[in-house]
Amino acid sequence: MNCSFCKQESIYFRNYEGHHYCEIHFVKNIEKRVKKTISTNKLIEKGDRIAVAHSGGKDSSNVLYLLNKIFSDNPNIELFAITIDEGIKGYRDKSVKKSESFCKKLGVKQHVFSFKKEFGFTIDQLSKKLKSGYCGSCGILKRYLLNKKARELGATKLATGHTLDDECQSIIMNVLRGDLLRFVRIGPMPLLAMHQKFVPRIKPLVLIPENESELFALVNNIPFHPKGCPYAVDNVLRGEVEEFLNNLEKCSPGIRYSLYESAHKIVTFVRKKFKTGKISTCEKCGEPSSRSVCKVCELIEKLSS
Ligand SMILES: [Zn+2]
Ligand SMILES: [Zn+2]
């Protein structure tokens, strides 16, 4: 089969759109989509200092690669990477190495921070202490550290590798949990509670399906560590939702986009309600928190007792 836009051989059929893509047109299309997401939502502006949360997986590697490609010649935009080492033997140690060599190859400055050094324990240790719920705790610790370090390093934006699939999973999970207020986190620039210590987050890949993100990394020879944190088994619901959405997409191509669009309409309403929401400061660590002591400080205390 030939590419729908030239005579080259097709490497990908986008079934929700009906077009075949050769390597060149596929890459061009993804780049164009990401640029459009950035410009229409004003994700990046003159004077921005962008921290990319880089795990070494395909999505965050693509974000780093694309932002570097788009902005490396722009003297008004600065870019650097933050990598968090949660301490998962046989998994994160390998991806940190991949991440280090990729940053070096691109010439992007990288800062690595570990749970062990920052919190005093690794996720390997945490999972032994907590019988369940460590996947959620890991997420909380990671977001906390990324925000804190990005701010301390002077970042004005924190870019993450969330794809369309990640967004759709979050949409369904928020509905299942009855937590519609969390819809404010959906979209290319999630609305955070008001606190001067929060670094605004941006998701340049929010309209890119995960399978296309993987193909993009493969055709561009972007080295990445395969997905599959060994502790993801702890997050049963997300796994189920992922499978459910993949099955829906198979029988009804493009359904991820319509789900995202529907949620986006709700987000507008929720954001209006949320605007009044202020958040206080943790009395222990000084980071933003909805309670007097933040979840991270609470966790550290729980583990040391
Ligand atoms: Zn082509
Ligand atoms: Zn705290």
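The values are calculated or read from the model by the stated rules, or taken from the named source; none is laboratory data. Bear in mind that the values here come from a model prediction, so they are computed numbers and not experimental data. Cβ coordinates were reconstructed from backbone atoms using ideal geometry, including for glycine residues, and neighbour counts include every protein chain displayed.
Before moving on, here are some points about what is shown:
- Candidate set from segment 274-290 (those that are touching a residue at least 24 places away in the same chain (Cβ under 8 Å) and away from ligand 2 (no atom under 16 Å from the Cβ)); member that is surrounded by the most Cβ atoms within 10 Å (Cβ to Cβ): 274
- Any chance residue 237 is at pLDDT 95 or above, aliphatic (A, V, I, L, M) and away from ligand 2 (no atom under 16 Å from the Cβ): no
- Scanning segment 219-236 for residues that are loosely packed, with under 13 Cβ neighbours inside 10 Å and in a helix (DSSP H, G or I) yields 233, 236.
- All of 25, 111 fail the test of being over 26 Å from residue 201 (Cβ atoms) and more than 16 Å from ligand 2 (Cβ to nearest atom), apart from 25.
- Tallying residues that are closer than 17 Å to residue 213 by Cα and either in a strand (DSSP E or B) or at pLDDT below 95 (or both) within segment 5-14 yields 3.
- Search result, residues across segment 35-71 that are among the small types (Gly, Ala, Ser), crowded, with 22+ Cβ neighbours inside 10 Å and not in a loop (DSSP other than H, G, I, E, B): 51, 53, 60, 61
- Only a single item in (1) surrounded by 13 or more Cβ atoms within 10 Å (Cβ to Cβ); (2) within 16 Å of ligand 2 (Cβ to nearest atom); (3) part of a helix (DSSP H, G or I) is not met by residue 293, and it is number (3).
- Verdict on residue 32 being free of Cβ contacts under 8 Å to residues at least 24 places away in the same chain, part of a helix (DSSP H, G or I) and farther than 19 Å from residue 188 by Cα: no
- Here residue 266 meets each of (1) surrounded by fewer than 15 Cβ atoms within 10 Å (Cβ to Cβ); (2) at pLDDT below 95 with one exception, condition (1).
- Matching option when the condition is within 16 Å of ligand 1 (Cβ to nearest atom) and in contact with a His (Cβ under 8 Å, 6 or more places away or on another chain), among 5, 80: 5
- The C-beta contact set for segment 94-106 (first residue within 15 Å of residue 63 (Cα to Cα), second residue hydrophobic (A, V, I, L, M, F, W, C) and in a helix (DSSP H, G or I), distance under 9 angstrom, 6+ apart or interchain) comprises 99/64; 102/64; 103/64; 106/64.
- Test: residue in segment 171-183 that is among the hydrophobic types (A, V, I, L, M, F, W, C), in contact with a Phe, Trp or Tyr (Cβ under 6 Å, 6 or more places away or on another chain) and modelled with pLDDT under 90: no
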